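Asks: Here it is, the structure, as structure tokens.
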Amino acid sequence: MRDRSTGYRVFSAFNICLMLFVLFLCLYPFVYMLAISFSSAKAVINGWVSFYPKEFTLETYKLITSNAQFRIGYANTIFYTVGGTAIAMGLMCLMAYPLSKAFLRGRGILMKMVIFSMFFSGGMIPNLMLVIWLHLNNTVWAMLLPFAINQFNLIILINFFKSLPDSIEEAAVIDGMGYFGILWRIVLPLSTPALATIALYTAVFFWNDWFYSLIYMNSNERYSVMVYLRNIVSGQSMAGAAAGSGSSERMTVYATLRASSIILTSLPIIILYPFLQRFFVKGLTIGSVKG
């Protein structure tokens, strides 16, 4: 049993206090936004809101959810996130599995191409020109295909596959199973930690993206909800009813609308994270052991 001296206890207490302070700094902005979103305009004007709502109301949430642009953007974002994550995971698994085999011919060249493309790319303008040349602009494929394979996530998945015992696959080969069967029935079920970690990273990317939606799409019917949130935060959109109010009231309603929009757009990822968090440590550490 480790002897816990006075110095060790002081150091542990200092670490706990420091982590609690950092936790407070991270949570306070979100709690404050949550309180504002449920508070009345009068409470916000008078500065009564701090950690909890004052004069509880759901009017701003009703206003936002009744906005057609918000609903369309939310549906688009869900589609981009689910579809993009599914495509990305499928393609990365199909690419990572063969690259995890040392006997694959040309593996070294392919890995060098993956690593090179991770640090060097054509840039925004060439990518946009390529999307336009392929006639993908203003289509859902412009949001799904260009981001299907992330090099960093691919390398994590390759190293995770390499960490699996070769004897399991050798036994499956002896039983007559092909490589696709081994990948689907053996490798993927054993790789749940890595797959869950990468799937969450990919989903967060698609959910939070607004920039590529803004440059690849030219129709409100195709924009993601993050474009709507960006317009709210930057003041370009007042969500209809707020724009018809008086100057002071308009800015207050705008503040509550902005807070409500941030909460609604952040909530799905916040809800999803706890279900996948337990896979994080194992998924990242095992996937980073081998080079």
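Asks: Which condition does residue 203 not pass, out of (1) touching a helix residue (DSSP H, G or I) at 6+ places or on another chain (Cβ under 6 Å); (2) modelled with pLDDT under 85; (3) in a helix (DSSP H, G or I), if it passes all the others?
Replies: Result: residue 203 fails condition (2) only.
Asks: Within region 44-67, identify whether any single residue is in contact with an Asp or Glu (Cβ under 8 Å, 6 or more places away or on another chain), under 28 Å from residue 138 (Cα atoms) and not in a loop (DSSP other than H, G, I, E, B), and answer yes or no.
Replies: Scanning region 44-67, I find no residue that is in contact with an Asp or Glu (Cβ under 8 Å, 6 or more places away or on another chain), under 28 Å from residue 138 (Cα atoms) and not in a loop (DSSP other than H, G, I, E, B), so the answer is no.
Asks: Looking only at region 83-102, decide whether some residue is free of Cβ contacts under 8 Å to residues at least 60 places away in the same chain and more than 30 Å from residue 184 (Cα to Cα).
Replies: Within region 83-102, none of the residues are free of Cβ contacts under 8 Å to residues at least 60 places away in the same chain and more than 30 Å from residue 184 (Cα to Cα).
Yes or no, residue by residue, for (1) assigned by TED's automatic domain parsing to the domain that holds residue 264; (2) not β-branched (Val, Ile, Thr):
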position	(1), (2)
5	no, yes
22	no, no
34	no, yes
43	no, yes
49	no, no
70	yes, yes
74	yes, yes
77	yes, no
84	yes, yes
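Residues are listed down the side, and each one gets a yes or a no for (1) assigned to a loop (DSSP other than H, G, I, E, B); (2) in contact with a Phe, Trp or Tyr (Cβ under 8 Å, 6 or more places away or on another chain); (3) in contact (Cβ under 8 Å) with a residue 12 or more places away in the chain; (4) over 19 Å from residue 85 (Cα atoms):
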{"residue": "143", "(1), (2), (3), (4)": "no, yes, yes, no"}
{"residue": "159", "(1), (2), (3), (4)": "no, no, yes, yes"}
{"residue": "162", "(1), (2), (3), (4)": "no, no, yes, yes"}
{"residue": "171", "(1), (2), (3), (4)": "no, no, no, yes"}
{"residue": "176", "(1), (2), (3), (4)": "yes, no, no, yes"}
{"residue": "198", "(1), (2), (3), (4)": "no, no, yes, no"}
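Asks: Testing residue 103 on (1) of a type in the set (Phe, Trp, Tyr); (2) over 17 Å from residue 208 (Cα atoms); (3) assigned to a helix (DSSP H, G or I), one condition comes back false. Which one is that?
Replies: Condition not satisfied by residue 103: (3).
Asks: Here's something else I'd like to know. What are the residue pairs meeting all of these: first residue in region 18-46, first residue within 15 Å of residue 58 (Cβ to Cβ) and in contact (Cβ under 8 Å) with a residue 60 or more places away in the chain, second residue of a type in the set (Lys, Arg) and part of a helix (DSSP H, G or I), Cβ atoms under 9 Å, and 6 or more apart or on different chains?
Replies: 36/258; 37/258
Asks: Answer yes or no: is there a residue in region 268-286 that is modelled with pLDDT under 85, of a type in the set (Val, Ile, Thr), touching a Lys or Arg at 6+ places or on another chain (Cβ under 6 Å) and not in a loop (DSSP other than H, G, I, E, B).
Replies: no
Asks: Given the condition aromatic (Phe, Trp, Tyr) and more than 27 Å from the chain's Cα centre (by Cα), answer yes or no: does some residue in region 13-26 qualify?
Replies: Let us first name the residues in region 13-26 that are aromatic (Phe, Trp, Tyr), namely 14, 21, 24.
Next cut, more than 27 Å from the chain's Cα centre (by Cα) only: 14.
Checking region 13-26: at least one residue is aromatic (Phe, Trp, Tyr) and more than 27 Å from the chain's Cα centre (by Cα).
The values are calculated or read from the model by the stated rules, or taken from the named source; none is laboratory data. Keep in mind that this is a model prediction, so the values were computed, not measured. Cβ sites come from the backbone with ideal geometry, for glycine too, and all protein chains shown count toward neighbours.
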